[in-house]
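Beneath this line is the structure, given in structure tokens, with notes to follow.
The values are calculated or read from the model by the stated rules, or taken from the named source; none is laboratory data. Computed from a predicted structure; not experimentally measured. Here Cβ is always computed from backbone atoms with ideal geometry, including for glycine, and neighbour counts include all displayed protein chains.
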Amino acid sequence: MKIIILSRNARLYSTNRLVEAAEQRGHEVKVVDALKCYMDITSDKPSIFFKNEKLIGYDAIVPRIGASISRFGAAVLRQFEMMGVYPINESVAISRSRDKLRSLQLLSRKGVGLPITGFAHSVSDTIDIINLVGGAPLVIKLIEGTQGRGVVLAETKKAAESVIDAFHELDANFIVQEFIKEAAGSDIRCFVIGDKVVAAMMRTAKEGEFRSNLHRGGEAHLVKLSKEERGTAVQAAKIMGLNMAGVDLLRSNRGPVVMEVNSSPGLEGIEKSTGKDVATLIIEFIEKNAKPNKTRTKGKG
């Protein structure tokens with residue numbers, strides 16, 4: 001099988017592990033930087049080029065699209081879909097999951113547990129939106145932030161008003177969420193492949209920090225999930241349309257609540273903290289499911 005890893009950097013841990021796992025199973029692998037691709041989108045036979053090489057004959061693609069290149073990366077992936085290449089995650093599903101507001105609306109519609117979340121455009125609604133989520137402390141998140149960037153904990157009502165007003169002045173899109181005190185600075189990353197949680201780790205924020213992201217200095221260890229937590233993670237990934245996802249949960253007094261569904265979850269933290277060979281599990285899923293033109297959206301939408 002010929003597989004493309006769509007990644008900006010072949011030296012990244014996740015990219016390197018996917019290449020290693022695929023080659024160990026006898027596949028031909030090529031790492032392609034989406035920003036170095038160009039496309040012929042008007043012909044009867046859509047095509048894509050990377051460093052002047054026409055990419056043809058590939059069976060599957062694993063998109064590792066960073067948030068900073070979401071739009072162009074999704075366009076490149078969509079082109080591969082139009083060429084009949086099987087993506088483990090489709091372009092429409094990735095775009096859906098990258099929009100925090102849209103993803104929360106979709107999860108809410110299906111009854112998935114979520115933190116109380118507010119969204120408003122007018123600065124005159126600041127007090128109302130603070131009250132909606134139960135007052136301070138509360139969390140304010142930029143809609144397109146990643147890895148803990150653009151996430152602020154406002155510990156007092158006055159601090160919340162200041163941050164919200166500042167974001168309004170910058171014309172930034174953001175959501176306001178209740179602060180789940182009982183989570184105590186910890187969250188759970190569930191790595192979902194297909195209809196299973198194949199690995200899970202608990203991430204705990206470093207002292208003086210409320211964001212548990214490993215990029216922010218958080219620590220991770222293996223965690224045992226409840227049946228409800230596993231079901232919530234798998235359901236959240238399916239609602240987004242993702243075959244592979246990192247679903248972040250908090251343990252609240254009312255059960256698991258979903259914080260985010262990540263379409264390009266990193267492998268380093270989850271593999272090192274759980275001892276699971278997640279990269280190989282991804283390749284095995286592709287082996288079982290990759291067929292020409294199997295993409296549900298056929299590059300549309």
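Figures for the structure shown
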read-out	value
Qualifying positions in the stretch 59-91 - in contact (Cβ under 8 Å) with a residue 40 or more places away in the chain, part of a helix (DSSP H, G or I) and over 13 Å from the mean Cα position of the chain (by Cα)	ILE69, GLY73, VAL76, LEU77, ARG78, GLN79, PHE80, GLU81, MET82
Index of the failed condition, ILE3 passing every other in (1) more than 24 Å from MET244 (Cα to Cα); (2) assigned to a strand (DSSP E or B)	(1)
Count of residues meeting criterion [in contact (Cβ under 8 Å) with a residue 60 or more places away in the chain and loosely packed, with under 13 Cβ neighbours inside 10 Å] in the stretch 1-51	1
Filter result for the condition that a residue is surrounded by 14 or more Cβ atoms within 10 Å (Cβ to Cβ), touching a residue at least 60 places away in the same chain (Cβ under 8 Å) and not in a loop (DSSP other than H, G, I, E, B), over ALA200, ALA159	ALA200
Every residue from the stretch 239-292 that is surrounded by fewer than 21 Cβ atoms within 10 Å (Cβ to Cβ), in a loop (DSSP other than H, G, I, E, B) and among the small types (Gly, Ala, Ser)	GLY241, GLY266, GLY275, ALA290
Any chance LEU142 is crowded, with 16+ Cβ neighbours inside 10 Å and in the same structural domain as ASN253 (by TED's automatic domain parsing)	no
Pair list, Cβ < 8 Å and 6+ apart or interchain, from the stretch 238-253 residues that are farther than 11 Å from PRO265 by Cα to residues that are basic (Lys, Arg) and surrounded by fewer than 24 Cβ atoms within 10 Å (Cβ to Cβ)	ILE239/LYS110; MET240/ARG96; GLY241/ARG96; GLY241/ARG296
